[in-house]
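Enquirer: First, the structure itself, so that you have it in front of you.
The values are calculated or read from the model by the stated rules, or taken from the named source; none is laboratory data. In this text, all values refer to a predicted model and were calculated from it rather than measured experimentally. Remember, those area values only see protein heavy atoms, side chains included, never the ligands or the DNA or RNA. Shrake-Rupley method; radii C 1.70, N 1.55, O 1.52, S 1.80 Å.
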Amino acid sequence: MAPWRIPVLASLATALLLAACGDGRDYPASFGDDDYDLAAMALRAADLPAGFEAQEIESPAFDNENWALIFDTDDPEGKQAQLEAQGRLTNHVAAFSPGALGPVLALTNVSTLYTDAEAARQSLEKFACGLPINDSIQLEPFLVPQIADGATGFFVRQQNDGSTTFVDTTLCFRTGRILHAIQQTSIPGVEDIALSIRLANSMLERIDAEFADLGGG
């Protein structure tokens, strides 16, 4: 085993042991659509490693019509119909970039509200967390801890002339009928799953506070 892999694996093992589990909290799906403040649940620059800055997004909430346009498809209307059939309602997107060149080139956080908890679960397990990833793209799963109502993780390798140019490391977890995705973009070989788990912990604390304000258990 290469020497540099030992601390990386140790860091991941520690993150798995300390990962958030929601402490038995309930995430009710019975509140009105407008009651869920997705922006208040989002990651912030203070949650990220030093040097990361939030990127301004003019309209950070995307309905199905606008989200369908982000997919690489010649049939955005068909994609919109597919999203609606999956129970997707709206989302909130937060984007961050490092102040200087480093292992993580960009980080994106997407929280998506669905019609009910089952629709959110289906998206977590079957539809790449509702992210703009085409069905033809191969997902490479990796191990993640139990987080809130369920979690999954996968790599997406961006290819150019048969070579991997960038890797998206994605961790998703569900709180009721909301699905949260944390996606890092990096060059191959420096993927940091432990960072994704730490960010999920930070985000879950904020989410728990929001549900507590709503009256969640």
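Enquirer: Just to make sure I understand: if all protein chains stay in place, what is the order of ARG88, ARG25 by accessible area at 1.4 Å, largest first?
Expert: ARG25, ARG88
Enquirer: Return the Rg/Rh ratio of region 88-167 with Cα-based radii and a Kirkwood Rh.
Expert: Result: Rg/Rh = 0.99.
Enquirer: Continuing with the same structure: Which value, in Å to one decimal place, does the Kirkwood hydrodynamic radius take for the chain when every pair of different Cα atoms is included?
Expert: 17.9 Å
Enquirer: A further question follows. Could you work out the equivalent-ellipsoid semi-axes for region 25-88, taking the square root of 5 times each eigenvalue of the Cα gyration tensor, largest first, in whole Å?
Expert: 26, 21, 10
Enquirer: Which value, in Å² rounded to 10, gives the accessible area of ASP34 with a 1.4 Å probe and all protein chains present?
Expert: Counting only protein heavy atoms, ASP34 exposes about 150 Å² to solvent.
Enquirer: Another one. Output needed: percent of Cα pairs per 5 Å distance bin for region 150-210, bins running from 0 to the one holding the longest distance.
Expert: All Cα pairs, binned at 5 Å, distribute as 4, 17, 26, 20, 14, 10, 6, 3, 1, 0 percent.
Enquirer: So what is Rg over Rh here for region 88-132, counting just Cα atoms and using Kirkwood for Rh?
Expert: 1.13
Enquirer: Could you tell me the convex hull volume per residue, in Å³, taken over the Cα atoms of region 36-163?
Expert: 147 Å³
Enquirer: Per residue, how much accessible surface does region 106-206 expose to a 1.4 Å probe? Answer in Å², no decimals.
Expert: For region 106-206, the per-residue accessible area is 39 Å².
Enquirer: Please figure out what share of the DSSP beta bridges in region 69-205 is antiparallel and state it in percent, rounded to the nearest 5.
Expert: 95 percent
Enquirer: In the full protein assembly as shown, how much of HIS92 is accessible to a 1.4 Å probe, in Å² to the nearest 10?
Expert: HIS92 exposes around 30 Å² with every protein chain in place.
Enquirer: At a probe size of 1.4 Å, how large is the accessible area of TYR36, to the nearest 10 Å²?
Expert: Accessible area, nearest 10 Å²: 10 Å².
Enquirer: In terms of solvent-accessible area of protein heavy atoms at a 1.4 angstrom probe, what is the ranking of GLU210, GLU58, GLU125, highest value first?
Expert: GLU58, GLU125, GLU210
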